[in-house]
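Engineer: One structure, as structure tokens, below. Some questions next.
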Amino acid sequence: MNILIINGPNLNLLGEREPGYYGSDTLASINAGLEEEAKKLGATLEFYQSNHEGAIIDRLHAARKNANGNIDAIVLNAGAYTHYSYAIRDAIAAIKLPVVEVHLSNIHARDAFRETSVIAPVCVGQISGFGSYSYTLGLYAAVNAVNKTAK
Ligand code: DQA
């Protein structure tokens, strides 16, 4: 099973960016932790980060079976695009792969504009507020979603 982890804008700055909200782990250390979890689950991981909406959409498209993407599910932290990118929402709906939405912070306990996720309706579910552990939970949820579809 091959899981793609996608991180959107500003998440390359994890570790130095607003640690009160996002913690002190870097994206590299979060990804290293996910590699360890993936071994336990018998899954392989691919990682992608971009600050650009269109690049994230292109990566989502490339993941789909029709593009021989070799990806079974996706864990996505779309950053601020979560709250307003109908284009990313439509890309998720188009690719027919299970996508798990994750956030380090609790998006329901911050600014009003963060409470809305326009991608949530096309994702399997949303994990929000557990810091870097949100990604671990997201990985488990993605593996579970693939196993459920395989049955
Ligand atoms: C975030 C929450 C978003 O509101 C914010 O724009 C981010 C990070 C999170 O992981 O908590 O960039 O997705």
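Nothing in this text is a laboratory measurement; each read-out follows from the coordinates by a stated rule. Here the structure is a predicted model, which is why all the values come from computation and not from measurement. All Cβ positions, even for glycine, are placed from backbone atoms using ideal geometry, and neighbour counts span all protein chains on display.
Engineer: Might you report the magnitude of the Cβ-based charge dipole of the chain about its Cα centre, with Lys and Arg at +1 and Asp and Glu at -1, to the nearest 20 debye?
Structural biologist: 520 debye
Engineer: Still on this structure, please answer the following. Which residue, chosen from ALA32, THR149, GLY131, occupies the Cα position most advanced towards the positive end of the dipole of the chain, where the dipole is computed from +1 (Lys, Arg) and -1 (Asp, Glu) charges on Cβ about the Cα centre?
Structural biologist: THR149
Engineer: Give me the extension gain from LYS39 to LYS96: residue separation times 0.36 nm, minus the current Cα-Cα distance, reported in nm with one decimal.
Structural biologist: Extra length available between LYS39 and LYS96 comes to 18.0 nm.
Engineer: Please compute the contact order of the chain in relative form: average sequence separation of alpha-carbon pairs under 8 Å and at least six residues apart, divided by the residue count, as a percent.
Structural biologist: 27 percent
Engineer: Next question. How about region 1-89: which chymotrypsin sites (Phe, Trp or Tyr not before Pro) there are in a DSSP loop, with at most 16 other Cβ atoms within 10 Å of their Cβ?
Structural biologist: Answer in residue order: TYR84.
Engineer: Let me ask another. Could you work out the helix-only [θ] at 222 nm for the chain, with each DSSP H run of four or more residues adding -39,500 (n - 2.57) and the total divided by the number of residues, to the nearest 500 deg cm²/dmol?
Structural biologist: For the chain, the value works out to -12000 deg cm²/dmol.
Engineer: While we're on this one: Of TYR140, TYR48, GLY79, whose Cα points farthest to the positive end of the dipole of the chain (charges on the beta-carbon: +1 Lys, Arg; -1 Asp, Glu; origin at the Cα centre)?
Structural biologist: TYR140
Engineer: Could you tell me what fraction of 2.2 N^0.38 Å the Cα radius of gyration of the chain comes to, as a two-decimal ratio?
Structural biologist: Normalised by 2.2 N^0.38 Å, the Cα Rg of the chain equals 0.96.
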